[in-house]
Structure formats: C-alpha cells, structure tokens
Amino acid sequence: MLVVMKIDASKSEIDAVKTKIESLGYSAHEIPGAERVAIGITGNKGKLDKNLFMGMPGVIDAISVSKPYKLVSREVKPDNTEIRLGDEIIGGKELTIIAGPCSVESREQILEMAEMLTSVGVKFLRGGAYKPRTSPYAFQGLKKEALTYLSEVRRKTGMKIVTEVKDVATLPYVAEVADVLQIGARNMQNFSLLEAVGSLKHPVLLKRGISSTIEEFLMAAEYIVNQGNYNVILCERGIRTFETATRFTLDLNAVPVVKHLSHLPIIVDPSHGIGLWDGVSSMSMASIAAGADGLIIEVHKNPETALSDGYQSLKPEKFKVLINKLKQIAEVMDRSLSLTKN
Ligand code: PEP
Ligand code: MN
C-alpha cells in the first residue's frame, strides 16, 4: 500500500503515519516526489485496509499497489529517479556513458585505457577485478591487485569507477574503490548480495539475469531498494533465446517496458547483448533511440589478446566514431551525452 500525503503535509504528520505503519509491524518507506511525499508500506502479507490511514491528518489517499514489486514501481513513485554521484546525474536528461575493458588486466592497460577514454570525455570507467566466469578455468580477474589499479586511475584521472562485486565476502574491498557497484547477470538473484549492497549508499548497476523476466529483474531491484538504497541503475544486457548467431539476444523491448513499470533509470550493455564487436555500434545507437538512460560498452586496445570478451570489445578508434554518432542520436531524443568538455 501507498499512503499519499497532502502537498502541505507537515513533517510531524508524515512521521505519525510512519510510526503507525511501524506499530502495525510493517516497514515504512518515505518516497519524496516532485510535489508530495508518499509513504510505501512493505512487509504486510495480505491486503491492508485503507481506512487505517485515511482519517489521519495530512493523508490524502491510501492506494493498494497492484504489482508484486512495490518500491521500484511507477505506481508508488511516478517521477523518474535521478541518481546523484558527485556532479553527475544518472537517469536525467544527460546520458551516462560507461566504457572500458571487460577485465582489468594490468596497471598499464587500465591506465592507458582510462587516459584514452578521458580524452574522449568519458567520465565512467568499467573494468572487472573479480570476474564471475562460466568456466572455472577462465581468467577470474586480478582481484585485489586490480582494485589497487582502479583506485590509482580514480585518483589520477578523476574517472568514476564501475566494477563488479561478485560476493558478500569481497564487498568491503570493492566498495572502497567502486563509485558504482556492478551486480553481474549471474548474480541477479543472489539475494544476500542484493541485500548487502542495499545496505550501502553506493549506486548499484544491476544487470538483468540471463534468463530473467522483466518482472524478476524488477523484483531483484526491489531487494536492494527495500534495504534503503534507492540508487539502483538497471541494465539490460541480453537474454538467452533460441538464437545462436549472437551471444545473447539484446532485449531492447525491456527499455520502454521498464520505463513504463519503474521509475529507476535503465541503461543498456550492447557488448554482452550481441557479443560481436561489429554489431555493438548499431545496438548502442538503437538503445539510445529506444530511450535508454545510458550505455556500458566494452573497449579494448588489443581485443585479439584480451583476457576476457575480446570478440565483443570495440577498439578505441571505433569507439570514438561511435561516440560522435551517439551525440547525434541523443539530440533526436532531446538528450545529450554526459561527457567532459575538452
Ligand atoms: C561484464 O560486464 O563483463 C559481465 C560479466 O557482464 P554480465 O554479468 O552481464 O555477463
Ligand atoms: Mn565482459
């Protein structure tokens, strides 16, 4: 249920509603809106009687939420969520561009890549330190060593770091370096990990599970938000279908559908979505045209020798060409790319 407060409701009226919700044994989530505050209720098993709240001072309405996910739904919060990270806003008019190699492979590699991306104006660097790989024999990442390199890059270039957190045990180290904590597709339903990142303030980039429905995806986001962390960025990264010509099937339908169902920002990962470097530019442009709030793209100087995902990585020259095309697509969508002005 959602208790909607009057525009001029006072703090004490809002607090009284929250106290009542908690005294009933449920959790209260204050959701600030553009015009008025609403208070989401979770933890109830059955339907709540709206009359529990309707008579209270400052309350204008109490409505039941039809979706299984509550706090991430647009029913509960009609305005888009904009995530603030320093001067950056994710989910606003400007599109977030995250780029970098699949994995951090060496100090030189990640520093060189960060410099190249900075020269193009990219503000967010991706690079895996802990890599959850399908095969236990595949490169598992440089782990803590990679975190020290990412931390150096952050210090030297001012880029914001997006890196994956694989499990609860390593979360404290990763959270020290990461500006944005990435939860990989294979961990989308790792509920203890979702709860653990939910108890932090870091923005979380939640990737859609390989075989997850949009509803399951939003339920996973609900786990994070339910712990108090509203800074969730959803990421469509392709799902498994019968098609074998591409690595996954990028489900661009998810962009408008998620935008309709949820207030959270959604970005697209075309690199994993198609899995073939020469399709990445087309799918990046299509993602922006579909209304995505940004992109996460794998870029590697020598894709042929990459330790992971080289076949889907763009070379720097191709990436630069793509950025220029994206600027034009963004304009059509009445948006622009968030890049540093060089
Ligand atoms: C990645 O971003 O390199 C990655 C492993 O992505 P996903 O979890 O979407 O497969
Ligand atoms: Mn990858």
Being touching a residue at least 40 places away in the same chain (Cβ under 8 Å), farther than 24 Å from ILE7 by Cβ, touching a Phe, Trp or Tyr at 6+ places or on another chain (Cβ under 6 Å) and not aromatic (Phe, Trp, Tyr) is true for just one of ILE98, ILE41, ILE90. Which residue is that? ILE98
Under the condition of being within 14 Å of ligand 1 (Cβ to nearest atom) and of a type in the set (Lys, Arg), which residue from region 97-138 is nearest to LEU181 (Cα to Cα)? ARG126
How many residues, within region 5-30, are buried (at least 19 other Cβ atoms within 10 Å of the Cβ) and either under 22 Å from ASN231 (Cα atoms) or without any contact (Cβ under 8 Å) to a residue 12 or more places away in the chain (or both)? 2
I'm checking my understanding of the structure. Among residues of region 213-261 that are polar (S, T, N, Q) and within 23 Å of VAL162 (Cα to Cα), which one is surrounded by the fewest Cβ atoms within 10 Å (Cβ to Cβ)? GLN227
Neighbours by Cβ (under 7 Å, 6+ apart or cross-chain): first from region 266-281, touching a residue at least 40 places away in the same chain (Cβ under 8 Å) and assigned by TED's automatic domain parsing to the domain that holds ASN231; second in a loop (DSSP other than H, G, I, E, B) and away from ligand 2 (no atom under 12 Å from the Cβ): ILE267/ALA292; ILE267/ASP293
Examine region 306-313 for a residue that is in the same structural domain as SER106 (by TED's automatic domain parsing) and either away from ligand 1 (no atom under 16 Å from the Cβ) or under 23 Å from GLY158 (Cα atoms) (or both), and state whether such a residue exists. no
Expected single match for without any contact (Cβ under 8 Å) to a residue 24 or more places away in the chain and acidic (Asp, Glu) among GLU222, GLU243, GLU236 is GLU243
GLU317: closer than 22 Å to PHE139 by Cα and part of a helix (DSSP H, G or I), yes or no? no
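The values are calculated or read from the model by the stated rules, or taken from the named source; none is laboratory data. Note that this is a predicted model, so its numbers are computed, not measured. When we count neighbours, we look across all protein chains shown, and the Cβ atoms used for this are built from the backbone with ideal geometry, even at glycine.
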